[in-house]
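Novice: First the structure, which I've put down as structure tokens, then a few questions once you've had a look.
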Amino acid sequence: MEIEKIVLEDNKEYFIIDTLMIDQVKYVFLSENLNPHTSLIRKFSINGKEIIALNNEQEYDKALRLFTEKYKDIFC
């Protein structure tokens, strides 16, 4: 199984670890070289064609909390 990759505005290639729909917004969880120290969370724009940065720390915290809840059996 091949993991999908994308290139972001920093011209670095990131692996797509997962996507989650949260409040009708699709969030993308990314990692450079599958290294947990290079993890990022982005979201799709309203039109769904662009991957953009999150608005603030609260949005990041919410997305990260729901991601960890989804994988709580792995993280615990």
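Novice: Using Cα pairs closer than 8 Å and at least 6 residues apart in sequence, work out the relative contact order for the chain, in percent.
Specialist: It comes to 17 percent, rounded to a whole number.
Novice: Also, I was wondering about something else. Taking amide hydrogens as modeled 1.01 Å from N in the peptide plane, which residues meet the under 5 Å criterion relative to Val25, leaving out close sequence neighbours?
Specialist: For Val25, whose amide H was placed from the backbone, there are no distant partners under 5 Å.
Novice: Once you list every other residue whose beta carbon is under 13 Å from the beta carbon of Asn56, what net charge do they have if Lys and Arg are +1 and Asp and Glu are -1?
Specialist: -1
Novice: Also, I was wondering about something else. Under Stokes-Einstein, with the Kirkwood radius over Cα pairs standing in for Rh, what whole-number D in µm²/s applies to the chain at 10 °C and 1.306 mPa s?
Specialist: 122 µm²/s
Novice: Within 10 Å of each candidate Cβ there may be at most 11 other Cβ atoms; applying that plus a DSSP loop requirement, which GluC sites (Glu not before Pro) in the stretch 1-52 survive?
Specialist: Of the GluC sites (Glu not before Pro), the ones in loops of the stretch 1-52 whose Cβ has at most 11 other Cβ atoms within 10 Å are Glu2, Glu4, Glu9, Glu50.
Novice: Let me ask another. Karplus couplings for the stretch 16-24 from phi (6.51 cos²θ - 1.76 cosθ + 1.60, θ = phi - 60°), rounded to Hz, Gly and Pro as x?
Specialist: Coupling constants for the stretch 16-24: 8, 7, 6, 9, 9, 8, 10, 6, 6 Hz.
Novice: Which longest run of the chain has no exposed loop site in it, a site being trypsin sites (Lys or Arg not before Pro) in a DSSP loop with at most 16 other beta carbons within 10 Å, and the site itself not part of the run?
Specialist: Working: sites that count: Lys12, Lys49.
With trypsin sites (Lys or Arg not before Pro) excluded where exposed in loops, the chain gives 13-48 as its longest stretch.
Novice: Determine the gain in length on full extension of the stretch Leu8-Asp73; use 0.36 nm per residue of separation and subtract their C-alpha separation, reporting nm with one decimal. All intermediate terms of the calculation are to be shown ahead of the outcome.
Specialist: Numbers: separation 65, 0.36 × 65 = 23.40 nm, distance 3.00 nm.
Length difference between fully extended and current span is 20.4 nm.
Novice: State the Cα centre-to-centre distance between the stretch 1-19 and the stretch 22-76 in whole Å.
Specialist: 13 Å
Novice: Here's another thing I want to ask about it. Please give the residues of the stretch 5-23, grouped as numeric ranges, whose backbone N is less than 11 Å from a label point set 7 Å along the Cα-to-Cβ vector of Thr38.
Specialist: 12-15
Read the figures in this text as sums done on the coordinates, not as results from a lab. As the structure is a computational prediction, the values presented were derived from the model and not from experiment. Note: ideal-geometry Cβ built from the backbone for every residue, glycine included; neighbour counts use all protein chains shown.
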